[in-house]
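Data block below; observations after.
The values are calculated or read from the model by the stated rules, or taken from the named source; none is laboratory data. Keep in mind it's a predicted model, so treat the numbers as computed, not measured. Virtual Cβ from ideal backbone geometry, glycine too; neighbours counted across all protein chains shown. All accessible areas refer to the heavy atoms of the entire protein, side chains included, with ligands and DNA or RNA removed. Shrake-Rupley method; radii C 1.70, N 1.55, O 1.52, S 1.80 Å.
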Amino acid sequence: MNIGITWGALDRLIWSPILVVVAILLIYRLYKTKMVVRLLAVLQHESRLLLGFSQKKMKLKALLFFLGSVALFLVVLEPQWNKKEHVVAQEGRDLFIALDISRSMLVQDCKPDRLSCAKEKIKSLIKYLSCERIGLILFSGSTFVQCPLTADYGAFEMFLNQIDVETISSGTTALDAAIKKAIAAFQTTPDQKNRLLVVFTDGEDFSSNLAGVKQQAAQVGMHIFTIGVGTTQGAPIPLFDVRGNHMGHQRNQKGGVVISRLNEDILRALSLDSGGIYIKMTDDDSDVRSLISHVNRFEKEKFDDKKIALFEQQYPYFIAGSFGFFLMEWFL
């Protein structure tokens, strides 16, 4: 058996100064006791005048009390050893998040821009999820899976954080391509009944066959939820150079500044036709809570069991040790 100790709550070391305070108080008590003894009797006669008193005994009692305090503090740090494998049954839903990375997502009608707002909203969303496997699809004119379905939310967030201004595509948005990619990705889990797709986009769409793709989504049982990013009033589309410096705004063929607006109608229709809902992104978490309430209506399904290795909690030994030290101190 491996008796190397690991600690499950080392963050609680912040309370370790309590032990220093205990030690100082014990030392101070010993010092005061020694001063009182000197006042009552000279050192060579103290054994006759103070019957039953022993400075060695006082020091031993102080040491036992301190050791009991240390053992009790170690309990709080959750000592662990003896690693064992455990099989954890997993269940949940498969959910892909599709994020628009077209140039219009740099519009600043929500601060600092649509893309940043959408990323923060996705991070809020995964905090509310319960045992779902999630994946990330990025789309504009072309589409690719940034993160496959996973229950590791830390890994998902790492992939999400890699998306920045340099990721933005100069191509136009194609919602049908994002839905096709989600359908293809879901085919890797053919046994799952519920297939959910959440699309974060401003709704500007140049799809060639959106109606046909919606039919395919319905045939495979995929429900599409759309999250509208931006405002209906819109704002100009900024342009940046290779160094990320702002160099003006996108213009049309006549030289006029192009205004990008949230297209709620196409997103609302897309969700309605696929058994999902359309939600406009808000400044608070009301949009996320609304989405989660709808996601939770779908039945959870069993995933493959997961084997995890965990250390066993061993704090009872330290509790027993602490009790032993305090008991010996009390009897002395």
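Of all beta bridges DSSP finds with both residues in the chain, what is the antiparallel percent, to the nearest 5?
In the chain, approximately 50 percent of DSSP beta bridges are antiparallel ones.
When a/c is below 1.5 the answer is rounded, else prolate if a/b is larger than b/c, else oblate, so apply that to the range 136-255 with a ≥ b ≥ c taken from the square roots of the Cα gyration tensor eigenvalues.
Oblate, because a/c is 1.5 or more while a/b does not exceed b/c.
If you bin the C-alpha pair distances of the range 203-332 every 10 Å from 0, what whole percents do you get?
The percentages, shortest bin first, are 9, 20, 20, 16, 11, 9, 8, 6, 2, 0.
Roughly how many percent of the accessible protein surface of the chain is carbon and sulfur, given a 1.4 Å probe and a whole-percent answer?
58 percent
Multiplying the sequence separation of K300 and L30 by 0.36 nm and subtracting their Cα-Cα distance, what value in nm do you get?
Gain in length upon complete extension: 90.8 nm.
Provide the solvent-accessible area of T188, counting protein heavy atoms only and rolling a 1.4 Å probe, rounded to the nearest 10 Å².
Using a 1.4 Å probe on the heavy atoms, I get roughly 110 Å².
Compute the length gained on full extension between T188 and S286: take 0.36 nm times their separation in residues and subtract their Cα-Cα distance, giving the result in nm to one decimal.
32.0 nm
With n ≥ 4 as the cut-off for DSSP H runs, can you work out [θ] at 222 nm for the chain, using -39500 (n - 2.57) per run divided by the number of residues, rounded to the nearest 500?
-13000 deg cm²/dmol
Using 0.36 nm per residue of separation minus the Cα-Cα distance, give me the extension gain between Q233 and N82 in nm, one decimal.
48.2 nm
So for the pair F206, V220, with labels modelled 7 Å out along Cα→Cβ, what separation do we get in nm?
2.5 nm
Would you be so kind as to identify all helices of the chain, as entire DSSP H runs, whose Cα atoms reach 27 Å or more along the helix's own axis and whose mean Kyte-Doolittle hydropathy is at least 0.0?
For the chain, where a helix must reach 27 Å along its axis and average at least 0.0, the hits are 17-40, 55-76.
To the nearest 10 square angstrom, how much accessible area does D265 have with a 1.4 angstrom probe?
Roughly 110 Å² of D265 is accessible to a 1.4 Å probe.
Normalised by the residues of the range 95-245, what does the relative contact order come to in percent, with Cα pairs under 8 Å and at least six apart?
31 percent
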